[in-house]
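Just below is one structure, and these are the notes that go with it.
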Amino acid sequence: ASRSRAVSADRIERFRALLDARCRSRPPVASYAEAMGITTGQLSRVCRAAFGLSAIQVIDARSIHEAKRLLGYSTMSVKQVALELGFQDEAYFSRFFRKNTGLRPTEYRAEAGKARSG
């Protein structure tokens, strides 16, 4: 059992590294699995075991984390943030962001600005 735990930990670290490297291009789950030499099913099992989330939920959470960072600490427009994170369409990015945070990107930026200056 400890060997399989070590393999899982190794896969989680590999996945994290890939997420960091690719979080701005939004590749599909299959491309992460392929880069890791495992199936999408195996990747989803690793994610469920490690994070309690599906692979796509982990990828989306990483995108949201990056979006918050860019909205909170850069002067990029929402459209620029969307493009920077691999979204083809600002409206789709805004819906994705709101679905995941409860706020529109502009609302999040305003709140983040208040928190920094307050």
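Report the far tail of the P(r) of segment 56-107, meaning the percent of Cα-Cα pairs longer than 14 Å. Everything past 14 Å amounts to 44 percent. Compared with the alpha-carbon gap, the fully stretched path from ARG95 to LEU53 is longer by 13.1 nm at 0.36 nm per residue. Taking a straight Cα-Cα cut-off under 20 Å and skipping sequence neighbours fewer than 8 places away in the same chain, the lysines within cross-link reach of LYS99 are LYS68, LYS79. A simple spin-label model places pseudo-atoms 7 Å from Cα toward Cβ; at ALA61 and GLN80 they are separated by 3.0 nm.
Across the alpha-carbon set of the chain, the Rg to Rh ratio works out to 1.05, Rh being the Kirkwood radius. Neighbours of ARG22 by Cβ distance under 14 Å: Lys/Arg scored +1, Asp/Glu scored -1, total 0.
The coefficient of translational diffusion for segment 1-54, derived via Stokes-Einstein from the alpha carbon Kirkwood radius under 25 °C and 0.890 mPa s, stands at 217 µm²/s. Charging the Cβ of each Asp and Glu at -1 and of each Lys and Arg at +1, and nothing else, the dipole of segment 1-47 about its Cα centre rounds to 80 debye.
Where a number appears in this text, it was derived from the coordinates with a stated rule and is not lab data. None of these values were measured; they are calculated from a predicted model. Every residue, glycine among them, receives a Cβ derived from its backbone with ideal geometry; neighbour counts consider all protein chains shown.
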